[in-house]
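Here's the structure we're looking at; comments come further down.
Any read-out appearing in this document is the output of simple, stated calculations on the displayed coordinates, not a laboratory observation. Please read all numbers here as calculations on a predicted model, not as lab measurements. FYI the Cβ positions are ideal-geometry reconstructions off the backbone, even for glycines, and counts take in every protein chain you see.
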Number of protein chains: 2
Amino acid sequence: MRVVQKFGGSSVADAESIKRVARRIVASKEQGNDVVVVISAMGDTTDDLTDLAQKVSPNPRPRELDMLLTAGERISAALLAMAINDLGFDARSFTGSQAGVLTTASHGDARIIDITPGRIEQALNDGDIVIVAGFQGVSQTTKDVTTLGRGASDTTAVALAAALDASFCEIYSDVDGVFTADPRIVPGAQRIPEIGYEDMLEMAANGAKILHLRCVEYARRENVPVHVRSSFSDKPGTWVKQLDYQEAGMEQPLITGIAHDRSEAKITIIGVPDRVGEAAEIFTVVADADVNIDMIVQNVSKEDDQRTDISFTLAQSDGATAIAALEAAQSRIGFAQVVYNDKVGKVSVVGVGMRSHPGVTARFFRALAEADVNIGMISTSEIRISVVVDIDDIDTAVRAGHTAFGLDAEGEAIVYAGTGR
Amino acid sequence: MRVVQKFGGSSVADAESIKRVARRIVASKEQGNDVVVVISAMGDTTDDLTDLAQKVSPNPRPRELDMLLTAGERISAALLAMAINDLGFDARSFTGSQAGVLTTASHGDARIIDITPGRIEQALNDGDIVIVAGFQGVSQTTKDVTTLGRGASDTTAVALAAALDASFCEIYSDVDGVFTADPRIVPGAQRIPEIGYEDMLEMAANGAKILHLRCVEYARRENVPVHVRSSFSDKPGTWVKQLDYQEAGMEQPLITGIAHDRSEAKITIIGVPDRVGEAAEIFTVVADADVNIDMIVQNVSKEDDQRTDISFTLAQSDGATAIAALEAAQSRIGFAQVVYNDKVGKVSVVGVGMRSHPGVTARFFRALAEADVNIGMISTSEIRISVVVDIDDIDTAVRAGHTAFGLDAEGEAIVYAGTGR
């Protein structure tokens, strides 16, 4: 069987960890697998290199920053290959470029265009364990070294698994898998043994940090089964894969999990003239500043003054940019005031089961009301309900949702969509 | 004018040094030059990476070690490019592989086969300052990353200067140039303003550490003028180049300088049967162990026992290997004993002027005798006389030679071959 394994920076923080990871890889090889490993930079290497760059230049060019940062994975990949060789197995390390990871030329945030894994195939045919430096590739047009954006080693691994037609991709980290909610907030949160791509996409997009959105998107598009598991134990983790409950004879859960996100902020624009095209103008300003918007709410216009308020949420990291762009356009658009609030958070109930089951929204809102949580904004998709709440209410809201949908391990039994409960 | 500049690790030890080097490079660019810079790894980076490798594997594979170590120059090259960009100039960094440095596949000690500097030419045509990671290349056959052996960034620089048809190559380090002797031993040692390739080859081969032998060989073969100078001052250094004294109307010095080498050891094989082919057999054993030999002396055979002694010198680092190989062959060859002595050193008088001037050997030996230095072994070339002396006599021998040939700055006047003095 051909498998791709990915180990994160915390799994290879020092020489001892590297040796431990090497033993785990060798164990998989000894089971008869062809093993390709994608590796992140050791521990804080990327941060250390970024600091070094800052000392030399306050605003380094992205091409050179990529040249610098890719040294991190090159180092960990070479060291891991040495450690495996030391156990008596053949291993060869490859940079992203050598591994054939072809990307766009967008330094610091390049996208994988294609993978031409000729050298990897050759090494596998030779019986070698292959180590690939994650997070990096080479621009198809400029031939310059690129990085895929932080945390993108997961995406490298899934993309390689697809290109190599691997049976599955294992993502090792310091957590045991995907849980029904963050176990630090909900003690009764349960590991999800299997989760479909759609649910995982909604979980990742709404704050579950276990897998990066692009990685899940890639896995869904290429139909790569992903096993998210701990590098510190042998316990099974969570399989992210195509789920067909009817075919498998399983009951489909109504709700898969509760995600939350503390990284959002809310901007409210007060006193917007209630004319056609005003909202479009405001969001054009924001889009031109390269700021992504999550939820939008437009209040009902007050009869007497022909003005309305518009609220939207965005990443806190984009807050200053958005405020500056809006204030620059204030006199032209003619609104009264911009109010910024980063003391908010988003709580989302996710589950493909809700498609065929009405009443989920009502049940969630009732649970929030009973827990005395005030809802600031609401947004829904076919398989998700999200609310913005005060930052101090996030934990309460997560727990209330988790209990209301029967996800607690030692609470009421798990509710399945098919049971109609 | 197109120039290649090389800066060593001590010139880029930290962020401040990198900025200082950036300013110097920009100054050359502002003079209207096309500038290509070859850079070593920062300070102790290579040693630190080697230590890290040792922690993971006591005997790392050379391919992986090269993958690891080349990260060092990648980091310094990217940082230097950033620092130059920060000064408002365009700079682009390239790995050895990107710069087209094609080498043999001999990891850790690869030789440059060819340079295909297409991307560098393109960057120069765009008006960019080009930064190349030194010490590294890519195997022409395996496409794996290689290193050229420690200190080989000098060779990269000279090879690039030749491939790019540069006017000259500047080698920046923490010394002011090539001196008539090591100034730490001889306070009156003088900087040599110009030195021919042949003299520089002999100086480098016999212990002067300022330039690596392969770098000088490459410069001579390609006729690249090399300017060895300090990165900490603007003073002129030493030009290593084709010298024709008669054409230039200069008097040729009798002696160019005194080199010394503390890294040698002496092996004496006692009681070798005095038969035809015995010496050949001994040196075949040593050669098969991959040990290079410097000087050889065979004592006159003693009439009574038909046995002789053979001494030779070699690098101390090869001592254990040579001894083991010889002892393994002892019974077959039938000698009595192997004696190892690393408490020796070599002192060499170098100068193409001695070709046309007899009496140099006599003058050197007289000076050593007057200084009470005992000569252990002697070897000569057309332009060099070397003696092996006791390690405690090295400094005395260097000073005696320096004075005897009139090289002292505040001693007698410099002796020129043409004057017959």
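In this calculation the C-beta distance from A:THR361 to A:GLU16 is compared with R0 = 45 Å, giving a FRET efficiency of 0.35. Note on region A:293-386: Cα-only Rg and Dmax are 16.7, 48 Å. What does a probe at A:ALA27 reach in region A:225-242, counting residues whose amide N is under 12 Å from the point 7 Å along Cα→Cβ? Counting only backbone N, you get A:230-236. Using only side-chain charges placed at the Cβ, +1 for Lys and Arg and -1 for Asp and Glu, the dipole size of the protein assembly as shown relative to its Cα centre rounds to 520 debye. Rounded to the nearest 500, the 222 nm mean residue ellipticity of chain A from helices alone is -10000 deg cm²/dmol, with -39,500 (n - 2.57) taken per DSSP H run of at least 4 residues. Computing FRET efficiency as 1/(1 + (r/R0)^6) for B:THR142 and A:ASP290, where r is the C-beta to C-beta distance and R0 is 51 Å, gives about 0.75. The chain B residue nearest the rotation axis shared with chain A, using its Cβ and rounding the distance to whole Å, is B:ALA71, 2.
With θ taken as phi - 60° and the Karplus curve 6.51 cos²θ - 1.76 cosθ + 1.60 applied, the whole-hertz 3J(HN,Hα) list for region B:106-116 is 7, 4, x, 7, 6, 10, 6, 8, 7, 10, 10 Hz, x standing for glycine and proline. Taking amide H positions as modeled 1.01 Å from N, with prolines and chain starts lacking one, the residues under 5 Å from A:MET42 and 5 or more places away or on another chain are A:SER76. Using 0.36 nm per residue and subtracting the Cα-Cα separation, the extra length available between B:ASP174 and B:ASP51 on full extension is 41.8 nm. Remark: the Cα gyration tensor places region A:173-263 in the rounded category, a/c being less than 1.5.
Over 17 Å apart: what share of the alpha carbon pairs of region A:86-171 falls there, rounded to a whole percent? Of all Cα-Cα pairs in region A:86-171, 45 percent lie more than 17 Å apart.
Using only the C-alpha atoms, the convex hull of region B:108-156 corresponds to 79 Å³ per residue. The modelled label-to-label distance for the pair A:ARG221/B:THR321, using points 7 Å beyond Cα in the direction of Cβ, is 5.2 nm. Here A:PRO273 yields copy-to-copy label distances, from shortest upward, of 11.3 nm, the label point defined as 7 Å from Cα along Cα to C-beta. GNM remark for chain A: springs join alpha carbons under 10 Å apart, and the peak mean-square fluctuation among A:GLY345, A:GLY149, A:GLY88 falls on A:GLY88. Remark: region A:124-141, residue by residue, has Karplus-estimated 3J(HN,Hα) of 5, 4, 6, x, 7, 7, 9, 10, 10, 5, x, 6, 9, x, 9, 5, 5, 8 Hz, where x stands for each Gly or Pro and the curve is 6.51 cos²θ - 1.76 cosθ + 1.60 at θ = phi - 60°. Using the reciprocal of the averaged 1/r over all distinct C-alpha pairs, how large is the Kirkwood radius of the protein assembly as shown in Å? Across the protein assembly as shown, the inverse of the average 1/r is 31.8 Å.
Based on Cα atoms of region A:214-315, Rg over Rh with Rh as the Kirkwood radius reads 1.19.
When a/c is below 1.5 the answer is rounded, else prolate if a/b is larger than b/c, else oblate, so apply that to region A:43-131 with a ≥ b ≥ c taken from the square roots of the Cα gyration tensor eigenvalues.
It comes out oblate by the Cα gyration axes.
For region B:93-108, the residues whose amide N sits under 13 Å from a probe point set 7 Å from the Cα of B:GLU121 along the beta carbon direction are B:100. Sorted shortest first, the distances from the B:ASN299 label point to those of the same residue in the other copies are 10.7 nm; each point sits 7 Å from Cα along Cα-to-Cβ.
Classify region B:161-204: rounded, prolate or oblate, from the alpha-carbon gyration tensor (a ≥ b ≥ c, eigenvalue square roots; a/c under 1.5 rounded; otherwise prolate if a/b is larger than b/c)? Prolate. Using a 10 angstrom cutoff on alpha carbons, build the Gaussian network for chain A and name the most mobile of A:MET250, A:MET295, A:MET203. Ranking A:MET250, A:MET295, A:MET203 by mean-square fluctuation puts A:MET250 first.
Number of Lys-Lys pairs in region B:2-251 with C-alpha atoms under 18 Å apart and a separation of 8 or more places or on different chains: 7. Annotation: lysines with alpha-carbon distance below 16 angstrom to A:LYS343 (same-chain offsets under eight excluded): A:LYS266. Restricting to region B:2-251, compute how many DSSP beta bridges are antiparallel as a %, nearest 5. In region B:2-251, DSSP labels about 25 percent of beta bridges as antiparallel. Computed on chain B, the Cα convex hull volume stands at 167 Å³ per residue. With a cut-off of 9 Å between beta carbons, the residues surrounding A:ARG214 carry a summed charge of -1, where Lys and Arg count +1 and Asp and Glu -1. The Stokes-Einstein estimate for region A:207-258, based on a Kirkwood radius over Cα pairs and taken at 10 °C with 1.306 mPa s viscosity, is a diffusion coefficient of 123 µm²/s.
Anyone know which of A:THR256, A:THR361, A:THR313 comes out most mobile in the 10 Å Cα GNM of chain A? With Cα springs under 10 Å in chain A, the top fluctuation among A:THR256, A:THR361, A:THR313 is at A:THR361. Backbone N atoms of region B:313-345 closer than 11 Å to the 7 Å Cα→Cβ label point of B:SER263 belong to residues B:315-318.
Computed from Cα atoms alone, the Kirkwood hydrodynamic radius reported for region A:2-252 is 18.4 Å. Scalar couplings 3J(HN,Hα) for region A:249-262, obtained by applying the Karplus form with A = 6.51, B = -1.76, C = 1.60 to θ = phi - 60°, are x, 9, 7, 7, x, 5, 10, 8, x, 10, 9, 9, 8, 9 Hz; x denotes Gly and Pro.
Between B:GLY8 and B:TYR172, the built amide H atoms are under 5 Å apart, and every one of these is 5 or more places off in sequence or on another chain. Each label was represented as a point 7 Å from its Cα along the Cα-to-Cβ direction; for B:SER233 and B:ALA328 these points are 5.1 nm apart.
With label points set 7 Å from Cα along Cα→Cβ, the inter-copy distances at A:ALA320 are 5.7 nm, sorted shortest first.
Here, region B:1-151 has an Rg and a Dmax of 15.4, 50 Å when only alpha carbons are counted.
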